[in-house]
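Down below is the structure, laid out as structure tokens.
The values are calculated or read from the model by the stated rules, or taken from the named source; none is laboratory data. As the structure is a prediction and not an experimental result, all values here were calculated from the model. All Cβ positions, glycine included, derive from the backbone under ideal geometry; neighbour counts span all protein chains shown. Side chains included, ligands, DNA and RNA excluded: accessible areas come from the protein's heavy atoms. Shrake-Rupley method; radii C 1.70, N 1.55, O 1.52, S 1.80 Å.
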Amino acid sequence: MKKLNYFIMTIIGFTALLSSCNNQGKGASSGALASSAAEKVYVAPGEHDEFYAFISGGFSGQLSVYGLPSGRLFKVIPVFSQDAEKAWGYNEETKPMLNTSHGFVPWDDAHHPDISQTNGELDGRYVFINGNNTPRIAKVDLSVFETTEIIEIPNSAGNHSSAFVTENTEYVVAGTRFSVPVPQRDMPINEYKGNFKGALSFLSVNPDDGRMNIEFQLLMPGFDYDLSHPGRGNSHGWFFFTTYNTEEANSLLEVNASQNDKDFIAAVNWKKIEEYVKGGGGTKMPANYAHNVYDDNTHTATSTMKKEVLVVNPVDVPGAIFYLPTPKSPHGCDVDPTGEYIVGAGKLSADLTVHSFTKMLNAIENKKFDGEAYGIPILKFEDVLAGTVSSGGLGPLHTEFDAAGNAYTTFFISSEVVKWKVGSWEVVDRQPCFYSVGHLMVPGGNSRKPFGKYLVAMNKITKDRYLPTGPEVTQSAQLYDITGEKMELLLDFPTIGEPHYAAGIAADIIKERSRKIFNLTDNKHKYATTSDADVKVERNGKEVHVYMTTIRSHFNPDNIEGIKVGDKVYFHVTNLEQDYDVPHGVSIIGANTSELLIMPGQTETFVWEPKQVGVWPFYCTDFCSALHQEMQGYVRVSPENSNIGLSWSLGE
Amino acid sequence: MKMNNYHLLILFSVLLLGCGEKETKKEGFSVERQKSATEQKVDVPETNTVKASERIELSNKGVGPIQSVVLNAEIDQAMAAEGKAVYDQMCLACHRVGKKFIGPPPNNILQRRSPEWVMNMILNPDAMVKEDPLAKDLLQEFNGSPMANQSLTEVQARAVLEYFRTL
Ligand SMILES: [Cu+2]
């Protein structure tokens, strides 16, 4: 009790302090009364938010869709993890999406969403996101808010410096965090040094249909490639990757990978490598990786195993790759909206190191080298350095930008966001985070044209911030208003899984393009039943295919007889509705899989293997209409040796 | 919203059962009960005694985008064929020729309704069942089962109407 009082007093004191600061700031600039935080995040019932925020779920494997400033959760898009609610990875159509060279992998660790760009501005067509654990890149199509493509990355492990896009979405880049033997082979772990490689993969994105393809992989020295960002404006054509463990330690990295005073930011001139590859450069190497594509007309995914990948040895393309020394195991690698500054967040130091792109080009031209690492020139630190931000914080992680020349950096250890000025490197504000903030996001803060206005900080620890829920408590996102000189904390909302990183965009760019239904006439599913006249049940040995339709408020057929124990029954269910927001669900007693959730005009399939004789009901699982409770049917299951023929009906 | 409808529906079914409309079958059971005091208190509005589906309202154009439709004396067979194709895909799940199914049968509909009303019902059912008294009564007659908006274009709806003329 005493403790609590003390705590409350502290909070009150703190709030008083905070608000007095705010008032001063506001008073000086506008003289207006400080509007309340609640007002700023209030989006009245029925009104729309101004921004979409796509917040990754980290170890949940999914991507969540929130509105800003309200912090309301609209959807969790299943990406790398099975989702019984949406039948993702459970129905026959989407199982192939989770196929890999290791077989079906129903989970991953989803980290960095990035929105597609045109001319350096967010265009809202796709979100790309990386799966860390079994290296994959997924593409979410924002006309349907569904994952429509997943490609596995060979020669990679801990796919972390991913999935960031270039200015015109020419490439999505996927860099390995863990270096591994390439090709994989049986060898002693302690022979890591000099033998393992770090693959940086460049995936092209077809401008017409968005189809991804691994164009080339750079086989870099065996460091850990942590994060990356593309150049923009003048530096378009370059990509920057932070590295750590340049010691190439293979054990107790906590100590052994923190020995060097400086690690590197790798600057990669991908245009030069692209040219080299187009001219026939590089080596085709045998590989085995899955490429999974979901088609919105067949409503079905296919998985193709690819057998080859083009690899490039950095020393074969002189002048394309350089190392920029950067202090203390840098994590974030962020490029400002002009493309001139590359910010390295040395997570074991207190300072941020900012490199200048112009200086880098000069240093390259004048060969200001400070040695080389495995044949890659190391540029002289002083000759590329633009400035240092002496923040006073601890554990800088990641920086994003607004449209007014300000940068915002998170500090994990000191749990705060620090605002500083690009160019003068002067710190102008700092606000606490609750607690242990990782990445942050400013809508468009990763592009030539940030929208600014808000900042979302994503926290790993929340302890006392919410009602307790046992040992596991929610992680959180915190929304700050960044329109003033000082940042103002507005809202604190819980998230799914680990809110690892996010991408935000003005809602108007996406909203109008969001599809309402799938056209029945475009339904090319192999087992679609687009007219009630074509409803049927077919037997092929022990396999039975039910061509079923659904519409408010019945299934056709809803009485089926002639199924036998030991059969494998495929229910191919087409939703005949053509109106917005009328999905139907379906499942049957004892099905060893999830329900289906079928959108208007869509066909989905689940498999049922009846094990017991009887008459078994199925029903609609999504409350669809006033007669939803009437939406049910029966399947009669006879003994294996029964000679009852197939029959089906509705309303007879 | 949905729950409200649902509750209304339960109430409505209870009322229906109370009216003893269902015929007694050989098997199964029949319900013969008196309305309880509370049920009697429910104020059932005095409505048209002719069932909505059988009512004839040829001057009612309904609510929606369609103001006037010109029907040629001669049926356009090509258009009717297109209309049938649309109907088979979009409507058959709920409407069957010659019998009451989820919705009313479409044959002879122009003897009961104006062509404008029919097209508005196809193109704008959500507003129709709220604002048009006849459509509203139909929804009740069909136990709250909604007439689905199948997102037809005006051209498609017109073709379906032409098909209805052939039935
Ligand atoms: Cu339903």
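Relative to the longest principal axis of chain A, what angle (0 to 90°, nearest 10) does the C-alpha long axis of helix A:2-29 take?
For A:2-29 against chain A, the angle is about 70 degrees.
Report, as an integer, the average count of C-beta atoms from other chains found within 10 Å of each Cβ along B:85-98.
Values: counts 2, 1, 1, 5, 10, 9, 4, 9, 15, 6, 1, 2, 0, 0.
Mean number of neighbouring Cβ atoms from other chains: 5.
What's the local net charge at A:F59, with K and R +1, D and E -1, over the other residues with C-beta under 13 Å away?
Details: positive: A:K460; negative: A:D108, A:D109, A:E472, A:E498.
Summing Lys/Arg as +1 and Asp/Glu as -1 gives -3.
Any idea how far apart A:N213 and B:E141 come out in nm if each label point goes 7 Å out from Cα toward Cβ?
Taking the simple label geometry, A:N213 and B:E141 are separated by 6.1 nm.
So which aspartates and glutamates can A:K516 reach, going by Cα to Cα under 18 Å and dropping same-chain residues fewer than 8 places off?
Those aspartates and glutamates meeting the cut-off are A:D141, A:E146, A:D295, A:D296, A:D508, A:E577, A:D579, A:D581, A:E604, A:D622, B:D126.
Once the piece of chain linking A:S424 and A:Y466 is laid out straight, how much longer is it, given 0.36 nm per residue of separation minus the C-alpha distance between them?
Details: separation 42, 0.36 × 42 = 15.12 nm, distance 3.88 nm.
Value of the extension gain: 11.2 nm.
Based on the mean of other Cβ atoms within 10 Å per residue, sort peptides B:54-64, A:551-561, A:36-46 so the most packed one is first.
Peptide ranking by packing, descending: A:551-561, B:54-64, A:36-46.
Can you pull the one-decimal nm distance between simple spin-label points at A:A84 and A:V615, each 7 Å off the Cα toward Cβ?
Once both label points are built, they end up 2.9 nm from each other.
What does the buried accessible surface come to for A and B, summed over both chains, with the probe at 1.4 Å? Round to 100 Å². Walk me through the intermediate numbers first.
Working: alone 26470 and 11440 Å², together 36070 Å².
Using a 1.4 Å probe on protein heavy atoms, the buried area is about 1800 Å².
Please list, ordered by chain and number, the residues whose modelled amide H lies under 5 Å from the amide H of A:G222; skip anything fewer than 5 residues away on the same chain.
It is A:G194, A:G198, by chain and number.
If amide hydrogens are placed 1.01 Å from N in the peptide plane, which non-local residues have theirs closer than 5 Å to the one on A:Y126?
A:S116, A:L142
Within the set A:K524/B:K84; A:K368/A:K421; A:K380/A:K419; A:K262/A:K380, which residue pairs have Cα atoms separated by over 19 Å?
On the way: A:K524/B:K84 21 Å; A:K368/A:K421 28 Å; A:K380/A:K419 28 Å; A:K262/A:K380 12 Å.
Going by Cα-Cα distance, A:K524/B:K84; A:K368/A:K421; A:K380/A:K419 fall outside the 19 Å limit.
Enumerate the amide H contacts of A:R72 below 5 Å, restricted to partners 5 or more residues apart or on another chain; note that Pro and chain-start residues carry no placed amide H.
A:G67
Under unit Cβ charges (Lys, Arg +1; Asp, Glu -1), what dipole magnitude, rounded to 20 debye, does the range B:77-166 have relative to its Cα centre? Intermediate values should be presented prior to the final figure.
Numbers: 10 positive and 10 negative charges, 70 e Å.
With only Lys, Arg, Asp and Glu charged at Cβ, the dipole is about 340 debye.
Please compute, for peptide B:143-152, the average count of beta-carbon atoms on other protein chains lying within 10 Å of each residue's beta-carbon. Don't skip to the end; give the middle numbers.
Values: counts 4, 4, 7, 8, 1, 9, 5, 8, 10, 1.
Mean number of neighbouring Cβ atoms from other chains: 6.
Using only alpha carbon pairs under 8 Å that are at least six residues apart, calculate the relative contact order of chain A and give it in whole percent. Spell out each step's value before the answer.
Details: 1829 pairs, mean separation 68.5, N = 652.
For chain A, the relative contact order is 11 percent.
Rounded to the nearest whole Å³, what is the per residue volume of the convex hull around the Cα atoms of the protein assembly as shown? Provide the component values of the computation, followed by the final result.
On the way: hull volume 197.6 nm³, N = 819.
Per-residue hull volume (Cα only) is 241 Å³.
Picking from A:G423, A:G198, A:I588, whose Cα lies most toward the positive end of the charge dipole for the protein assembly as shown (charges on Cβ: Lys, Arg +1; Asp, Glu -1)?
The listed residue farthest towards the positive side: A:I588.
Using a 10 Å cut-off around each Cβ of peptide A:547-556, what is the average number of partner chain Cβ atoms that fall inside?
3
Please give the FRET efficiency for B:E57 paired with A:E39, using the beta carbon to beta carbon distance and R0 = 51 Å, rounded to the nearest 0.05.
According to the calculation, E is roughly 0.50.
Rounded to the nearest whole Å², what accessible area per residue is found for the protein assembly as shown with the 1.4 Å probe?
On the way: 36070 Å² over 819 residues.
Value returned for the protein assembly as shown: 44 Å² of accessible area per residue.
Rounded if a/c is under 1.5, else prolate if a/b is larger than b/c, else oblate: which is the range A:61-511, with a ≥ b ≥ c the root eigenvalues of its Cα gyration tensor? Present the calculation step by step, with values, prior to reporting the outcome.
Values: a/c = 1.41, a/b = 1.01, b/c = 1.40.
Rounded is the answer for the range A:61-511, as its axis ratio a/c remains below 1.5.
Which loop trypsin sites (Lys or Arg not before Pro) in the range A:270-379, with loop taken from DSSP, have no more than 10 other Cβ atoms within 10 angstrom of their Cβ? Don't jump to the answer; show the numbers that get you there.
Details: sites: A:K271, A:K272, A:K278, A:K284, A:K306, A:K307, A:K328, A:K347, A:K359, A:K367, A:K368; in loops: A:K328, A:K347, A:K367, A:K368.
In loop regions of the range A:270-379 (DSSP not H, G, I, E or B), the sparsely surrounded trypsin sites (Lys or Arg not before Pro) are A:K367.
Per residue of the range A:193-208, what does 6.51 cos²θ - 1.76 cosθ + 1.60 with θ = phi - 60° give for ³J(HN,Hα)? Whole Hz please, x for Gly and Pro, Karplus curve as stated.
The phi angles translate into 3, x, 10, 7, 10, x, 8, 10, 9, 10, 9, 6, 10, 4, x, 7 Hz.
Going down the list A:K271/A:K307; B:K51/B:K99; A:K86/A:K139, which pairs span over 21 Å between their C-alpha atoms? Don't skip to the end; give the middle numbers.
Values: A:K271/A:K307 25 Å; B:K51/B:K99 16 Å; A:K86/A:K139 18 Å.
With Cα atoms farther than 21 Å apart: A:K271/A:K307.
Across the range A:322-334, in residue order, what do the Karplus-derived ³J(HN,Hα) couplings come to in whole Hz, using 6.51 cos²θ - 1.76 cosθ + 1.60 with θ = phi - 60° and x for Gly and Pro?
9, 10, 9, x, 9, x, 6, 6, x, 9, x, 9, 10
With each pseudo-label sitting 7 Å past Cα toward Cβ, what's the A:E247-B:K100 distance in nm, one decimal?
Computed distance between label sites A:E247 and B:K100 equals 8.4 nm.
Report the paramagnetic label zone for A:L646: residues of the range A:509-546 whose backbone N is under 19 Å from a point 7 Å from Cα along the Cα-to-Cβ axis.
The answer is A:525-546.
Go through A:M458, A:M187 and list them by solvent-accessible area, largest first, probe radius 1.4 Å.
Numbers: A:M458 0, A:M187 40 Å².
Correct descending sequence by accessible area is A:M187, A:M458.
I'd like the Karplus ³J(HN,Hα) series for the range A:152-169: coefficients 6.51, -1.76, 1.60, θ = phi - 60°, whole numbers in Hz, and an x wherever there's a Gly or Pro.
7, 10, x, 6, 10, 7, x, 5, 9, 7, 8, 10, 9, 9, 7, 3, 10, 6
At 10 °C and 1.306 mPa s, grab the translational diffusion coefficient of the range A:520-649 from Stokes-Einstein with a Kirkwood Rh over Cα pairs, rounded to a whole number in µm² per second.
On the way: Rh = 14.6 Å.
Answer, rounded: 108 µm²/s.
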